[in-house]
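Q: Please see the structure below; I have some questions.
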Amino acid sequence: MPELKLLHVDHAPAVLAFELANRAYFAASVPDRGDDFFDRFAERYDALLTEQGAGTCAFYVLVAEDGSVLGRFNLVDIEDGTAELGYRVAQHTAGRSIATATVRELCRLAAARHGLRTLRAATAHRNAASQKVLAKAGFVPVGPADPGGEPDIWYERELA
């Protein structure tokens, strides 16, 4: 059974493998991270762990029984009881409700572990799958956004 785990230094090889294996799949619905992301992966990964240690972000990975990463689920810009949710799942898991179940679990953890009251997430108009995940996880559209350089929609969920 896959397990949602807080990002750790030991996850780095599996995270890199996940990103490389799914790069083209992700680029079909969100802007590509670019070659620099992969060239400087170790440096960027260390920076993520530093941010997490400072409490401004919380990065999670959904880990399969074999240790491979099935998805990444992030809480960023944690401040005043609010954070922004970001996530991506492996292509071979798409359409199996894994993203929805994990976003729901992260909402629970966001409140219980991180003391958050509100989560926001942006998705591209063209990313219907992500919109469906957010809606099934209890998020509602609250207005336009432009974080990725294309028309996007902000979603929000109040946490109990």
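The values are calculated or read from the model by the stated rules, or taken from the named source; none is laboratory data. Here the structure is a predicted model, which is why all the values come from computation and not from measurement. Please note: Cβ atoms are built from the backbone with ideal geometry, for glycine as well, and neighbour counts cover all protein chains shown.
Q: How do the pairs read when you match residues in region 79-94 that are without any contact (Cβ under 8 Å) to a residue 40 or more places away in the chain and surrounded by fewer than 14 Cβ atoms within 10 Å (Cβ to Cβ) with residues anywhere that are in a loop (DSSP other than H, G, I, E, B) and among the small types (Gly, Ala, Ser), using Cβ under 6 Å and keeping only pairs 6 or more apart or on different chains?
A: As it stands, the answer is none, since no pair meets every condition given.
Q: When the residues of region 1-29 are narrowed to those that are among the aliphatic types (A, V, I, L, M) and more than 15 Å from PHE73 (Cα to Cα), which ends up surrounded by the fewest Cβ atoms within 10 Å (Cβ to Cβ)? It would help to see each step written out before you state the result.
A: Going residue by residue through region 1-29, those that are among the aliphatic types (A, V, I, L, M) are 1, 4, 6-7, 9, 12, 14-17, 20-21, 24, 27-28.
Pick out the ones that are also more than 15 Å from PHE73 (Cα to Cα) and you get 1, 9, 17, 20-21, 24, 27-28.
Values: MET1: 4, VAL9: 8, ALA17: 13, LEU20: 11, ALA21: 14, ALA24: 10, ALA27: 12, ALA28: 10.
In this case the residue turns out to be MET1.
Q: Looking for whichever is assigned to a strand (DSSP E or B) and in contact with a Ser or Thr (Cβ under 8 Å, 6 or more places away or on another chain) here; the options are LEU75, LEU70. Which one fits? Break it down into steps so the answer makes sense when it comes.
A: Working: LEU75 fails: in contact with a Ser or Thr (Cβ under 8 Å, 6 or more places away or on another chain).
After applying the criteria, what remains is LEU70.
Q: Confirm whether GLU84 is of a type outside the set (A, V, I, L, M, F, W, C), under 10 Å from the mean Cα position of the chain (by Cα) and modelled with pLDDT of 95 or more. If you could, list the steps in order and put the result at the bottom.
A: Values: of a type outside the set (A, V, I, L, M, F, W, C): yes; under 10 Å from the mean Cα position of the chain (by Cα): yes; modelled with pLDDT of 95 or more: yes.
For GLU84, the condition - of a type outside the set (A, V, I, L, M, F, W, C), under 10 Å from the mean Cα position of the chain (by Cα) and modelled with pLDDT of 95 or more - is met.
Q: Can you tell me how many residues within region 109-123 are part of a helix (DSSP H, G or I) and in contact (Cβ under 8 Å) with a residue 12 or more places away in the chain? Before the answer, list the steps.
A: Residues of region 109-123 part of a helix (DSSP H, G or I): 109-112.
Narrowing further to those that are in contact (Cβ under 8 Å) with a residue 12 or more places away in the chain: 109-111.
Selection size over region 109-123: 3.
Q: Tell me, please, whether a residue that is polar (S, T, N, Q) and modelled with pLDDT of 95 or more can be found in region 58-81. Talk me through it step by step, then tell me what you get.
A: Keep residues of region 58-81 that are polar (S, T, N, Q), which gives 68, 74.
If we keep only those that are modelled with pLDDT of 95 or more too, we end up with 68, 74.
There is at least one residue in region 58-81 that is polar (S, T, N, Q) and modelled with pLDDT of 95 or more.
Residues checked against (1) surrounded by 14 or more Cβ atoms within 10 Å (Cβ to Cβ); (2) in contact with a Lys or Arg (Cβ under 6 Å, 6 or more places away or on another chain); (3) modelled with pLDDT under 95:
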residue: ARG96; (1), (2), (3): no, no, yes
residue: VAL103; (1), (2), (3): yes, no, no
residue: ALA111; (1), (2), (3): yes, no, no
residue: GLY115; (1), (2), (3): no, no, no
residue: THR118; (1), (2), (3): yes, no, no
residue: SER130; (1), (2), (3): yes, no, yes
residue: PRO144; (1), (2), (3): no, no, yes
residue: GLU150; (1), (2), (3): no, no, yes
residue: ALA160; (1), (2), (3): no, no, yes
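Q: Here's a follow-up. Please count how many residues of region 28-43 are without any contact (Cβ under 8 Å) to a residue 24 or more places away in the chain and under 21 Å from ALA122 (Cβ atoms). Please lay out each step first, then the result.
A: Within region 28-43, the subset without any contact (Cβ under 8 Å) to a residue 24 or more places away in the chain is 28, 32-40, 43.
From what's left, under 21 Å from ALA122 (Cβ atoms): 28, 32-34, 37.
So the answer is 5.
Q: I would also like to ask the following. Within region 44-73, take every residue that is under 26 Å from HIS125 (Cα atoms) and not small (Gly, Ala, Ser) and give me the one that is surrounded by the most Cβ atoms within 10 Å (Cβ to Cβ).
A: Looking at residues that are under 26 Å from HIS125 (Cα atoms) and not small (Gly, Ala, Ser), I get LEU62.
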